[in-house]
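Working notes for the structure below.
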Amino acid sequence: MKCALVVDDHPITHLGASRLLRDLGYDPVLQAMSAAEALALLRDPPAPDLIVLDISLPDAGGLDLVQPLREAAPGARVLIFSMNDQTGFAARALQVGAHGFLSKNAAPADFREAVRRLEDGAFYLSARQAVELATLRAGASADPLALLSERERRVLGLIGRGYSLQAIADDLGVSYKTAANASSSLKKKLAVDGINGLMKIALDSGV
C-alpha cells in the first residue's frame, strides 16, 4: 500500500485530504500539525510516498520545510496545498523542490488529478497558474534590487519564501504595521502593483 503524510494545522483539512487520499489507495495516511511533528514522524517507518504540505504552519514556513522533508523521505513527492493560490507562491514552491501546487479552493477532482500527476512523475499546476507562471518569468529587470535597503531586501526574501506579513513581522521583531509599510515601500520602489510582482522579483533575483 502507498503511504501519505499530510502536514497542516487545520483538522478539517486533515479530514478531507485523508479521505481523498484513502480513496486513492493511500493507507496509512500520517498526520502532522506542525513542522516539528512532521520531521519527527519521518524518523520511523513507514516512509511516505506523498507529502501534502501547507505553506503556513505554526512553527515554520511550509516552503522552508520542503527540502528537510525531501531529505528525510527521499522517495516522497511533495504537493503544496494552500489557501493562498497566487502564482508567485506556486513558482516559489517549485523552485524550492515541491512537485506541485494546489489551492485549497480546488475541487476534489483537481486534488485527485494533482496526486495522480505526481504519482506519474510529473509536476502539477492549475492551467491558470501554468499560464501566469510563464508570464511571471518573462522580462526580468537587470538589477531590480539596487534601490533597496537591507531590511527591504530581507522583507522581499521572506515574501519570496511565502511568509505572510504577520510572519515577516515576527521574523524581524517588528510590528505588523512596520512589515506592511515595508511591503508598500517595496511595491513603490520596484514599480509593482501586488504580491505577485514582488514574488516575481524575488524569484528572478534569488533573494
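Of note:
- Evaluated over the Cα positions of segment 8-62, the convex hull gives a direction-averaged projected area, one quarter of its surface, of 3.6 nm².
- Overall dimensions of the chain, expressed as equivalent-ellipsoid semi-axes from the Cα gyration tensor (√(5λ), whole Å, largest first), are 31, 19, 14.
- Antiparallel content of DSSP bridges confined to segment 2-136, in %, to 5: 10 percent
- Annotation: lysines with alpha-carbon distance below 20 angstrom to Lys177 (same-chain offsets under eight excluded): Lys187, Lys188, Lys189.
- Charge tally around Gly61: other residues with Cβ under 12 Å, Lys/Arg +1 each, Asp/Glu -1 each, net -3.
- A straight chain from Ser34 to Asp85 at 0.36 nm per residue would run longer than the Cα-Cα distance by 16.3 nm.
- Three principal axis extents of segment 150-205 based on alpha-carbon atoms, in descending order, are 26, 19, 18 Å.
- Summing charges over all other residues whose Cβ lies under 9 Å from the Cβ of Met83, with Lys and Arg as +1 and Asp and Glu as -1, gives -1.
- Modelled FRET efficiency - R0 22 Å, Asn181 with Asp59, Cβ distances, 0.05 increments: 0.25
- For q = 0.12, 0.16 Å⁻¹, Debye-computed log10 I/I(0) when each Cα of segment 38-123 counts as one equal scatterer: -0.32, -0.58
Laboratory data are not the source of any read-out in this text; all were calculated from the coordinates shown. Remember, it's a predicted structure, so these values are computed and weren't measured experimentally. For neighbour counting, all protein chains shown are included, and Cβ atoms are generated from backbone atoms with ideal geometry for every residue, glycine included.
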